[in-house]
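First up is the structure itself, then whatever we jot down about it.
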Amino acid sequence: MRIVLLGAPGAGKGTQAQFIAQKYHIPNISTGEILRKLIYKNTVLNKKIDYSMHSGKLISDDIITTLIRDRITCLDCKPGFILDGFPRTIVQAKMIEEEKIDIDYIIELKIPTKIILKRIQNRRTNSIEKKIQCLQNGNYPTNNSFLAERVDDKEKIVKIRLHEYEKFTIPLINYLKNDTKVKKFKYCILDGTKNIKNIHKDIKKILDVH
Ligand code: AMP
């Protein structure tokens, strides 16, 4: 089963991708995670990636498509995979078509910008469990000492990330919905404002019939 998760920054893609990967035993390929690991290696290319990520801009299609092409053709992806954060542009979607990789489901998590900004301001990543956690009633749910804010979750940067989403990913969404050549997949839109467990249920309704 090959799945693509789409949605603006803060829509909850990471959380739902982890759920899908565990439930359906497929690798979770998060481009953001791959890139965040890369930038610890001090090369000229990685410095470029680091700069784009920290400024909220998308990484160039050349770099990202090379990384993902290498990853999705690995042996562990034979039974399927979930792509969290890829494709984000039409060029990236065309790479998947060129590789003749058929996607079964595209799941879009829809959420208004006002809620996104609030959510992102309140989210932290648990550096041990690698789980995203959100402020609830003035507290974070587990031991706070392991919680870190993503550098690109600062309000100014989030606004640039949202702008990149409007500029590149909205046209991609229109392309995927309209282009009959790539319509081998089922396109599903879910309400990303629901709580995490209810979104799990909505996802199960779609994927359990596969
Ligand atoms: P994410 O963790 O998915 O929010 O991604 C964090 C950052 O990584 C983005 O703001 C981009 O700078 C970069 N990135 C992740 N996926 C892509 C992609 N498919 N294309 C270009 N840049 C990406």
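The values are calculated or read from the model by the stated rules, or taken from the named source; none is laboratory data. None of these values were measured; they are calculated from a predicted model. Glycine gets a Cβ as well: all are built from the backbone with ideal geometry, and neighbour counts include every protein chain shown.
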Note: among I115, I111, I59, just one is more than 13 Å from L172 (Cα to Cα), at pLDDT 95 or above and not small (G, A, S), namely I59
Sole miss for I20 among (1) β-branched (V, I, T); (2) away from the ligand (no atom under 11 Å from the Cβ); (3) part of a loop (DSSP other than H, G, I, E, B) is condition (3)
Of the numbered conditions (1) touching a residue at least 24 places away in the same chain (Cβ under 8 Å); (2) farther than 18 Å from I120 by Cα; (3) part of a helix (DSSP H, G or I); (4) more than 11 Å from the ligand (Cβ to nearest atom), N46 satisfies every one except a single condition; which is it? (1)
Give me the pairs: first residue in region 192-206 and under 14 Å from G14 (Cα atoms), second residue assigned to a loop (DSSP other than H, G, I, E, B) and among the hydrophobic types (A, V, I, L, M, F, W, C), beta-carbon distance under 9 Å, and six or more apart or on different chains, which are they? G192/A8; G192/A11; G192/I111
Filter result (hydrophobic (A, V, I, L, M, F, W, C) and closer than 19 Å to F168 by Cα) within region 68-108: I68, L83, F86, I90, V91, A93, M95, I96, I106, I107
When you look at N28, is it without any contact (Cβ under 8 Å) to a residue 12 or more places away in the chain and within 14 Å of the ligand (Cβ to nearest atom), yes or no? no
Just for region 33-53: of the residues that are loosely packed, with under 14 Cβ neighbours inside 10 Å and not β-branched (V, I, T), which one is nearest to K13 (Cα to Cα)? K37
Within region 70-102, the residues that are away from the ligand (no atom under 11 Å from the Cβ) and either part of a strand (DSSP E or B) or acidic (D, E) (or both) are D70, D76, F81, I82, E97, E98, E99, D102
So, in region 19-32, of the ones that are over 29 Å from T113 (Cβ atoms) and touching a strand residue (DSSP E or B) at 6+ places or on another chain (Cβ under 7 Å), which residue ends up surrounded by the most Cβ atoms within 10 Å (Cβ to Cβ)? I26
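Okay, residues lined up against (1) touching a strand residue (DSSP E or B) at 6+ places or on another chain (Cβ under 6 Å); (2) of a type in the set (G, A, S):
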{"residue": "G7", "(1), (2)": "yes, yes"}
{"residue": "A17", "(1), (2)": "yes, yes"}
{"residue": "I34", "(1), (2)": "no, no"}
{"residue": "Y40", "(1), (2)": "no, no"}
{"residue": "R88", "(1), (2)": "no, no"}
{"residue": "K94", "(1), (2)": "no, no"}
{"residue": "I106", "(1), (2)": "yes, no"}
Does region 61-68 contain at least one residue that is among the polar types (S, T, N, Q) and either assigned to a helix (DSSP H, G or I) or within 16 Å of the chain's Cα centre (by Cα) (or both)? yes
